[in-house]
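No lab work stands behind these numbers, since they all come straight from the coordinates. This one's a predicted model, so the numbers in the text were calculated from it and none came from an experiment. Ideal geometry is used to build each Cβ from the backbone, glycine not excepted, and the neighbour counts take in all protein chains shown.
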Amino acid sequence: MTKLFARFLVALVNLATVFLSRWRKLTVRARVHDGLAPQTTVTVNGVDLTLLVPDRTSVYWSRHGFDSEPNTLSWIDRFGAGDVFYDIGANIGAYTLYAAKARSVPVVAFEPNPFSYRVLVHNLHLNAVTDQVLPLCLAAGADTEATVLSLNGIEAGSVGHTIAAGRPDANGIGLQVLAFRLDDLAAIEGIPAPTHVKIDVDGIEAAILEGAKSLLSGPGVKSVLIEMLTHDDAAQARITSLLGECGLKPVDLPDDGSDNRLFTHVTRA
């Protein structure tokens, strides 16, 4: 029903502008597009967050996103003075915004998908946290290099994209992106080192950890929250081993239905 109604409204705008000159028609339609750009405010644990909703995929984040990971919200709620949050795979910035507004901590948000990144930056502006968040349209990985991001669509807020090691998936859209080892990135002046790291990517968790061994082993990092593919025992074992090499040990969390696992430096968390 919503799709049919949306098509009717599009047809109505097209009909209303059909007799205008080419550039006037384009300008009017662009103004209508800007005027209709939907945004919504959701309240999460008493914190109001305003999110741009430019397409139907983005509706998920305002409607279901925060409810789907209560352990993530509880983890962020424990951040305090002096903490710095790295949100790797930030998407449109849901948890970046929550950390910045609920805990007032600096955030470095990584999102290599340019369609989601645009909305992430817009959301920072809507929530007046541009001075707290450093948004980076970068991937994290085992090497600092140009690589290929294989997208399964161009809608903001979508998931399931992969670093394609030279070529996109058969049905994917290949984009050249820059990937950084976190160890290399942390050496750049002006980029704060993290105390808490969230990793929510699709299949390259181990590669990110390989490129972040020095950073995660350092004196500042207190915890890492990472989404693990629970059906892949080998991948889970590899991730657990890499984090263990950095002095991070798994911590039991209540089952919230997500695949997130928390690892901490026990003496620092």
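Could you calculate the FRET efficiency of Ile173 with Val10 from 1/(1 + (r/R0)^6), where r is the beta carbon distance between them and R0 is 41 Å, rounded to 0.05?
0.95
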* Extension gain Lys3-Asp67, at 0.36 nm per residue separation less the Cα-Cα distance, in nm? -> 20.5 nm
* Expressed in nm to one decimal, what extension gain is obtained for the pair Asp77 and Asp131 from 0.36 nm per residue of sequence separation less their Cα-Cα distance? -> 17.4 nm
* Gyration tensor (alpha-carbon) shape descriptor, segment 14-154, a/c threshold 1.5 -> prolate
* **Cα gyration tensor category, rounded, prolate or oblate, for segment 123-269 with a/c compared to 1.5** => rounded
* **Residues whose placed amide H lies under 5 Å from that of Gln39, excluding near-sequence neighbours** => Val53
* Structure fact -> Among (i) 0.94; (ii) 1.01; (iii) 1.15, the entry matching Rg/Rh (Cα atoms, Kirkwood Rh) as calculated here is (ii)
* If r is the Cβ-Cβ distance from Val266 to Glu155 and R0 is 30 Å, what FRET efficiency results, to the nearest 0.05? -> 0.15
* Asked: Reachable lysines from Lys213, Cα under 21 Å, same-chain residues fewer than 8 places away excluded?
  -> Lys198, Lys222, Lys249
* Structure fact -> Taking R0 as 45 Å and r as the Cβ-Cβ distance between Asp255 and Ala37, the FRET efficiency 1/(1 + (r/R0)^6), rounded to the nearest 0.05, comes to 0.75
* Structure fact -> Between Ala142 and His231, the two model label points (7 Å from Cα along the beta-carbon direction) sit apart by a distance in nm of 2.4
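Name the chymotrypsin sites (Phe, Trp or Tyr not before Pro) in segment 1-79 that are in a loop by DSSP and that have at most 12 other C-beta atoms within 10 Å, would you?
For chymotrypsin sites (Phe, Trp or Tyr not before Pro) across segment 1-79 that sit outside H, G, I, E and B with at most 12 neighbouring Cβ atoms in 10 Å, the list reads Phe19.
Give me the percent relative contact order of the chain, please, defined on Cα pairs under 8 angstrom at least 6 residues apart.
Reported as a whole number, the value is 14 percent.
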